[in-house]
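**Student:** I have a structure I would like to understand better, so I am pasting it below and will then ask my questions one at a time.
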Amino acid sequence: MSVLLFVGFSVILYAFLSLIHHNISKKTSCSAAHWTSHGPPSHPIIGCLLSFYRNRSRLLDWYTDLLSRSPTQTIVIHRLGACRTVVTANPDNVEHVLKNNFHNYPKGAPFTSILGDFLGCGIFNVDGPLWSTQRKLASHEFSTNSLRDFVVRTLEAEVENRLLPLLQDYADTDRTLDLQDLLRRFAFDTVCQVSLGTDPDCLDLSRPLPPLVTAFENASRICATRATSPVYLVWKIKRGLNIGSEKKLSEAVKLVHDDIVDIIRNRKKKLLQENDDQQIKYDGDLLSRFLAAEHSEEMVRDMVISFVMAGRDTTSAAITWLFWLLAQNSNAERAIVSEVDSILDRSYKNCLDFEALKEMRFLKACLCESMRLYPPVAWDSKHAAADDVLPDGTPVRKGDRVTYFPYGMGRMKELWGKDRLEFKPDRWLVGPGMEGGTEGELRAVSPYKFPVFQAGPRVCLGKEMAFIQMKYVVASILKRFVIRPVLENRPVFVPLLTAHMAGGLKVAVKKRS
């Protein structure tokens with residue numbers, strides 16, 4: 001009898017909750033009667049927890065499948081313990097959120113809390129006046145030719161003196177290497193020199209990685225798992241109890257913060273000692289520039305941590321995927337080598353300076369195509385400050401998370417055609433591309449269709465610097481070496497704060513004849 005009563009009570013409770021859920025859904029749709037949610041099945045209280053859990057190992061492709069079946073390329077997700085989430089691959093919606101109604105879509109407290117322990121009040125994790133102040137400062141520095149020239153000089157030294165000799169050693173000894181790991185080490189060296197004015201020398205493979213590098217990796221990884229936890233409240237409970245992954249995160253964050261503060265104080269002391277008038281005069285790196293602007297130690301710390309994190313894995317991820325794609329598309333690889341040789345032959349310096357890099361249009365097309373298929377940042381979210389309706393009719397309530405989805409956008413037939421899953425650099429060129437035998441011009445593509453560098457007021461300040469670095473590295477390697485994966489299986493795309501290949505990319509290095 002007690003079992004029957006329990007079952008009966010459960011059925012009544014479920015029916016009651018379903019009615020509430022139905023009424024809420026009905027209210028939500030009143031502002032846009034023609035709009036229908038094409039998200040996963042949702043249940044009272046638990047939302048789409050069951051579907052989310054079943055697809056936790058393939059979230060990107062799950063979202064992409066759902067979006068491709070939606071007439072508007074937009075879906076709504078209800079998750080236990082998390083705010084209602086609108087996920088979109090619709091360029092009109094992306095432009096609305098990132099530009100036209102920018103002030104209604106800040107990062108928001110739910111997002112900033114995920115990264116707050118690590119990034120603090122850095123530019124990528126704040127809104128309002130604090131963001132505006134940092135943006136103006138950073139925008140000024142990124143627009144200077146002196147910083148651009150400093151980046152090119154840093155790249156030249158790191159590539160010529162470390163990266164290429166290391167690849168030559170692997171080619172001479174017929175050993176395989178993890179190209180992803182090598183490029184991540186290279187990127188960390190470079191971004192630390194540009195952002196902090198310090199050289200961790202991660203390409204010295206004879207010694208273990210510096211603790212700062214490992215701490216950055218752990219902090220980034222654990223923060224990313226917060227965002228993808230099936231039950232959103234779990235990480236907050238673990239943080240409150242200081243157990244498990246949250247305890248490891250607090251230890252990693254403390255190490256990163258302490259090390260960066262030491263670097264800041266030592267640099268400030270050195271810069272003051274070098275100037276008799278006790279005025280800080282900056283060197284080429286960002287840290288000395290920020291110190292010269294006399295901002296607080298905490299603000300400078302958070303800013304440089306944000307820039308290190310942003311530049312640490314994004315460029316290395318894009319280059320890693322490009323090398324894998326080129327191994328499957330030999331015509332494109334030959335076209336890049338031909339373009340590099342042609343430009344260097346025309347250059348009286350015969351070196352990869354800024355002007356030579358700027359001419360490499362086909363190489364840029366290949367990088368864009370690689371990032372279309374495998375974007376370094378797979379998704380990004382904002383939170384609605386007030387009720388709104390997206391251009392496709394999707395209602396948004398105050399507090400909703402609105403996520404735009406570069407990974408899925410690169411796979412939408414409506415945006416890229418039937419050949420959307422193919423690697424075709426010529427889609428970025430006007431007229432015949434290099435593979436067709438002539439040099440095409442780069443096609444103007446809306447940043448809201450291809451938002452891998454964000455767009456609007458928050459567009460990535462380091463976009464051009466990133467292309468400089470990626471072009472320099474790819475051109476330098478391909479001119480001298482042939483890179484071939486040793487495993488035939490298709491790599492797995494893992495979307496953390498920045499995406500990477502699961503297990504790395506094992507390759508053989510051969511000298512190019």
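The values are calculated or read from the model by the stated rules, or taken from the named source; none is laboratory data. Quantities reported herein were computed from a predicted structural model and do not represent experimental measurements. A quick note on method: Cβ atoms are made from the backbone with ideal geometry, for glycine too, and the neighbour counts reach across all protein chains shown. Surface areas here come from the heavy atoms of the whole protein model, side chains and all, with no ligands, DNA or RNA. Shrake-Rupley method; radii C 1.70, N 1.55, O 1.52, S 1.80 Å.
**Student:** Is one or more of the residues making up the range 180-187 part of a helix (DSSP H, G or I), hydrophobic (A, V, I, L, M, F, W, C), more than 30 Å from Val94 (Cβ to Cβ) and open to solvent by less than 20 Å² (accessible area, probe 1.4 Å)?
**Tutor:** Taking every residue of the range 180-187 in turn, at least one turns out to be part of a helix (DSSP H, G or I), hydrophobic (A, V, I, L, M, F, W, C), more than 30 Å from Val94 (Cβ to Cβ) and open to solvent by less than 20 Å² (accessible area, probe 1.4 Å).
**Student:** While we're looking at this one, here's another question. Anything in the range 74-110 that is on the phi > 0 side of the Ramachandran plot and surrounded by fewer than 19 Cβ atoms within 10 Å (Cβ to Cβ)? List them, or say none.
**Tutor:** Result: Gly81, single match.
**Student:** A further question on this structure: Go over the candidates Leu344, Leu352 one by one and state the one that is modelled with pLDDT under 95 and in contact with a Phe, Trp or Tyr (Cβ under 6 Å, 6 or more places away or on another chain).
**Tutor:** Leu352
**Student:** If you don't mind, there's one more thing I want to ask. Can you tell me which residue among Ala475, Ala508, Ala466 is touching a residue at least 60 places away in the same chain (Cβ under 8 Å) and either touching an Asp or Glu at 6+ places or on another chain (Cβ under 8 Å) or basic (Lys, Arg) (or both)?
**Tutor:** Result of the check over Ala475, Ala508, Ala466: Ala508.
**Student:** If I filter the range 310-323 for residues that are open to solvent by 40 Å² or more (accessible area, probe 1.4 Å) and either at pLDDT 90 or above or assigned to a helix (DSSP H, G or I) (or both), do I get at least one hit?
**Tutor:** Scanning the range 310-323 turns up no residue that is open to solvent by 40 Å² or more (accessible area, probe 1.4 Å) and either at pLDDT 90 or above or assigned to a helix (DSSP H, G or I) (or both).
**Student:** Turning to a different aspect of this structure: How many residues does the range 482-503 contain that are over 23 Å from Asn55 (Cα atoms), open to solvent by less than 80 Å² (accessible area, probe 1.4 Å) and in contact (Cβ under 8 Å) with a residue 40 or more places away in the chain?
**Tutor:** Matching residues across the range 482-503 total 3.
**Student:** So, Phe118, is that one open to solvent by less than 10 Å² (accessible area, probe 1.4 Å), modelled with pLDDT of 90 or more and either in contact with a helix residue (DSSP H, G or I) (Cβ under 9 Å, 6 or more places away or on another chain) or of a type in the set (A, V, I, L, M, F, W, C) (or both) or not?
**Tutor:** So Phe118 passes the test.
**Student:** Answer yes or no: is there a residue in the range 284-295 that is open to solvent by 10 Å² or more (accessible area, probe 1.4 Å), modelled with pLDDT of 95 or more and in a helix (DSSP H, G or I).
**Tutor:** Within the range 284-295, none of the residues are open to solvent by 10 Å² or more (accessible area, probe 1.4 Å), modelled with pLDDT of 95 or more and in a helix (DSSP H, G or I).
**Student:** What do you reckon, is Pro71 open to solvent by less than 40 Å² (accessible area, probe 1.4 Å), farther than 30 Å from Arg185 by Cβ, assigned to a loop (DSSP other than H, G, I, E, B) and of a type outside the set (S, T, N, Q)?
**Tutor:** For Pro71, the condition - open to solvent by less than 40 Å² (accessible area, probe 1.4 Å), farther than 30 Å from Arg185 by Cβ, assigned to a loop (DSSP other than H, G, I, E, B) and of a type outside the set (S, T, N, Q) - is not met.
**Student:** Only one residue in Lys479, Lys424, Lys413 is closer than 30 Å to Phe150 by Cβ, open to solvent by 70 Å² or more (accessible area, probe 1.4 Å) and of a type in the set (Lys, Arg), so which one is that?
**Tutor:** Sole residue among the options that is closer than 30 Å to Phe150 by Cβ, open to solvent by 70 Å² or more (accessible area, probe 1.4 Å) and of a type in the set (Lys, Arg): Lys479.
**Student:** Residues Lys358, Lys398, Lys382: which one is surrounded by 19 or more Cβ atoms within 10 Å (Cβ to Cβ), more than 27 Å from Met501 (Cβ to Cβ) and either without any contact (Cβ under 8 Å) to a residue 24 or more places away in the chain or within 24 Å of the chain's Cα centre (by Cα) (or both)?
**Tutor:** Only one candidate qualifies: Lys382.
**Student:** A follow-up question, please. Starting from the range 251-273, take each residue that is modelled with pLDDT of 95 or more and list its partners that are open to solvent by 50 Å² or more (accessible area, probe 1.4 Å) and hydroxyl-bearing (Ser, Thr, Tyr), counting only C-beta distances under 9 angstrom and pairs at least six apart or across chains.
**Tutor:** That search, which allows pairs on different chains as well, returns Ala252/Thr214; Leu255/Thr214.
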